[in-house]
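J.: Have a look at the structure that comes next, please.
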Amino acid sequence: MNGFIVHIAVICYMFNGDSSFFSTNYIGKPKAEIVKNMTESFKTFKLNTSNINKTYNYLKYEDKIQEITVLFFLSDENKCKMVRYMSDYSNINDVLEEINLKYSKIDTNNWKYNSNDKYYIVNLEQGDWFFTVTIKEMN
């Protein structure tokens, strides 16, 4: 029961008003700014530094009940070049609602948006046990 209450709190916190994860464009942001924003705005998420993959430069955040994982992939200059948000299917309706409100739909699994005269693509990929939302600049 305690995990259920935490789950509801995470969803309410992430998808209300400006505190939404999808309200911020992280692409191009420096590592320090991402860490500061995550620490201040998403207190239910903690930086996970265990099992770091040395091939990629990234920050890995997990919510307290390890239901949501967010990866910020960084360039050699430590600026965000892609965000990957992964969750189990208990959150998909809330995430779809948020994405549909924030972004322009291209097709079933893709959206786009413009920020600072750059265009970004948001892609939803549905796996067997979890779904992934990837955000990156359009080429």
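Only the coordinates and a few stated rules stand behind these numbers; no lab work does. Here the structure is a predicted model, which is why all the values come from computation and not from measurement. Neighbour counts are summed over all protein chains in view; Cβ atoms, including those assigned to glycine, are modelled from backbone coordinates with ideal geometry.
J.: When you scan the range 111-136, how many residues do you find that are surrounded by 14 or more Cβ atoms within 10 Å (Cβ to Cβ) and either in contact with a Gly (Cβ under 6 Å, 6 or more places away or on another chain) or not basic (Lys, Arg) (or both)?
T.: The number of residues fulfilling the criteria is 13.
J.: Would a scan of the range 37-45 turn up a residue that is part of a loop (DSSP other than H, G, I, E, B) and surrounded by 13 or more Cβ atoms within 10 Å (Cβ to Cβ)? Before the answer, list the steps.
T.: The initial filter retains those residues of the range 37-45 that are part of a loop (DSSP other than H, G, I, E, B), namely 42-44.
Retained after the next criterion (residues that are surrounded by 13 or more Cβ atoms within 10 Å (Cβ to Cβ)): 42, 44.
Scanning the range 37-45, I find at least one residue that is part of a loop (DSSP other than H, G, I, E, B) and surrounded by 13 or more Cβ atoms within 10 Å (Cβ to Cβ), so the answer is yes.
J.: Condition first: assigned to a strand (DSSP E or B) and among the charged types (D, E, K, R). Can you find one or more residues in the range 115-135 that meet it?
T.: Here is the first cut: in the range 115-135, the residues assigned to a strand (DSSP E or B) are 115, 118-126, 130-135.
Checking which are among the charged types (D, E, K, R) leaves us with 118, 125.
Yes.
J.: Can I ask one more? In the range 51-102, which strands (runs of 3 or more DSSP E) lie fully inside it and hold 2 or more residues that are free of Cβ contacts under 8 Å to residues at least 24 places away in the same chain and either within 11 Å of the chain's Cα centre (by Cα) or surrounded by fewer than 19 Cβ atoms within 10 Å (Cβ to Cβ) (or both)? Show your work before the answer.
T.: Working: elements: 58-63, 68-74, 80-88.
The qualifying strands (runs of 3 or more DSSP E) are 58-63, 68-74.
J.: Only residues that are free of Cβ contacts under 8 Å to residues at least 12 places away in the same chain and within 24 Å of Asn37 (Cβ to Cβ): list them for the range 117-139, please.
T.: Listed by number, the list holds a single entry, Asp117.
J.: Can you say whether Phe42 is among the hydrophobic types (A, V, I, L, M, F, W, C) and free of Cβ contacts under 8 Å to residues at least 40 places away in the same chain, as far as the supplied structure shows?
T.: Numbers: among the hydrophobic types (A, V, I, L, M, F, W, C): yes; free of Cβ contacts under 8 Å to residues at least 40 places away in the same chain: yes.
So Phe42 passes the test.
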